[in-house]
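Report on the structure given below.
The values are calculated or read from the model by the stated rules, or taken from the named source; none is laboratory data. Not measured: the values here are computed from a predicted model. Don't worry about glycine lacking a Cβ; one is built from the backbone with ideal geometry, like all the others, and counts go over all protein chains shown.
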Amino acid sequence: FDALQQQDPEIAGVVLNELDRLRGGLQLIASENLTSPAVLAALGSTLSNKYAEGYPGRRYYGGCQVVDVAEEIGIARTKELFGAEHANLQPHSGASANLAAYAAFAKPGDTVLAMDLKQGGHLTHGSKVNFSGQWFNAVSYTVREDSELIDYDQVRDLAREHRPKIIIAGATAYPRLIDFKAFREIADEVGAIFMVDAAHFIGLVAGQAIPSPVPYADVVTATTHKVLRGPRGGMILSRAEHAKALDKAVFPFSQGGPLMHSVAAKAVAMKEASTPEYQAYANQVIANAQALAKSLEAEGMRAVSGGTDTHLALIDLRPVGVTGSEAEARSDAARITLNKNAIPYDPAPPMKPSGIRVGSPSVTTQGMVEADMAEIGRLLARAVKAAQGTAAGDAELADVAEAVSALVARAPAYPRP
Ligand code: PLP
């Protein structure tokens, strides 16, 4: 870091300011985490320099004998951790992993069945602004309006009607467990590939805190930077029979050279995730998300589906008469970072949705437990209800920001040595 400070103080300043931001506030973005110094060290290494198109032992460049070791170790650790027959650590992101999975099993024009974006699905699950919606005939399933749980009867009906090539389970804003067995049965009935996009919850699977999709799915795509707490990136797990098609779909079909520093950092994260400490972390993440949801409900808000089984809760703010955008801005002013989010069957427009999404991965990494989450819930509720822009509201937000500072001082992100 000294070299960066000397050579480029502007960017060094950005790095330090971001560290200050992380240390000074609460990160409740459900898709973020705080990686370990070991992961960051691998990311900031000379492995970034190496071109290594291809796979270990089968590269299109010389000099890959060293980086090969990192990828081999990473693949072995990943297969072991998830009990998977095949692992590919090269996808640059979750979206890249999904692109490769589509490419391995479908051709443009084919039908895919996935969760509606408005109800918690991801852009890569068939949105019209994404390759998935432009190149494929995307059919969407929803959650039930009464329970706000996935409507498995509708998934079956749509699968029978549209005979999709791929059925996708997994979402960006769904707080509950997914019934992988039910999806598998539907996929088998219509002869579809069953793909699980486990981007959000793969870390909970790694920590054995929730059931694994691996025994049920043909292919599991994921990100490595959410609960899993690795570097920003993607990965693919699959049955051995699909290994070749998936590897080819990553390289050379959709990517060039892998980011070897990132592959090495993924290997480090897999080692960390194989420990009893990480299993305790994954369970605490869920307990904390549940405690936060309960605390917000006690403050008059509504947890979509009545709570959470995972690392995130979707909070309906209509009972307190605040929009998701207002809540995001007010929380920001109180040093609490979260995102506005549509709720199922949201009557409000996407840029002013009725809800927020809150997650516990980062604060749990900081060592926070249920009692801290109850306090976070109370502070967040004060922020959300503060009439920003009025003298009283702004004073309240400043007050909450101070309380947030005191809270994070007790359990800091990246504690100073
Ligand atoms: N799939 C799901 C379900 C996600 O939630 C996300 C990201 O939030 C992705 C894929 C894409 O990951 P990335 O942002 O790394 O491309």
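Going by what's in this entry, would residue 67 be described as assigned to a helix (DSSP H, G or I), away from the ligand (no atom under 11 Å from the Cβ) and modelled with pLDDT of 95 or more?
yes
Out of 105, 131, I need the residue that is surrounded by fewer than 23 Cβ atoms within 10 Å (Cβ to Cβ), within 16 Å of the ligand (Cβ to nearest atom) and among the aromatic types (Phe, Trp, Tyr). Which one?
None of the other options fit; the residue is 131.
Failed condition for residue 196, given (1) within 11 Å of the ligand (Cβ to nearest atom); (2) crowded, with 23+ Cβ neighbours inside 10 Å; (3) in contact (Cβ under 8 Å) with a residue 60 or more places away in the chain, with all others met?
(3)
Residue 210: in a loop (DSSP other than H, G, I, E, B), within 19 Å of residue 364 (Cβ to Cβ) and at pLDDT 95 or above, yes or no?
Yes, satisfied.
I'm trying to understand the selection: among the residues of the range 114-128, which are within 15 Å of the ligand (Cβ to nearest atom) and either surrounded by 20 or more Cβ atoms within 10 Å (Cβ to Cβ) or over 15 Å from residue 344 (Cβ atoms) (or both)?
Within the range 114-128, 114, 115, 117, 119, 120, 121, 122, 123, 124, 125, 126, 127 meet the criteria.
Report the residue count in the range 84-100 for those that are within 14 Å of the ligand (Cβ to nearest atom) and either in contact with a helix residue (DSSP H, G or I) (Cβ under 7 Å, 6 or more places away or on another chain) or modelled with pLDDT under 95 (or both).
Residues flagged as within 14 Å of the ligand (Cβ to nearest atom) and either in contact with a helix residue (DSSP H, G or I) (Cβ under 7 Å, 6 or more places away or on another chain) or modelled with pLDDT under 95 (or both) within the range 84-100 amount to 8.
Quick one: in the range 230-240, of everything that is assigned to a loop (DSSP other than H, G, I, E, B) and crowded, with 24+ Cβ neighbours inside 10 Å, which residue is farthest from the ligand (Cβ to nearest atom)?
230
State all residues of the range 28-47 that are in a helix (DSSP H, G or I) and within 24 Å of the chain's Cα centre (by Cα); if no residue qualifies, say none.
If the condition is that a residue be in a helix (DSSP H, G or I) and within 24 Å of the chain's Cα centre (by Cα), then 37, 38, 39, 40, 41, 42, 43 are the ones that fit.
How many residues, within the range 215-228, are away from the ligand (no atom under 13 Å from the Cβ) and in contact with an Asp or Glu (Cβ under 9 Å, 6 or more places away or on another chain)?
1
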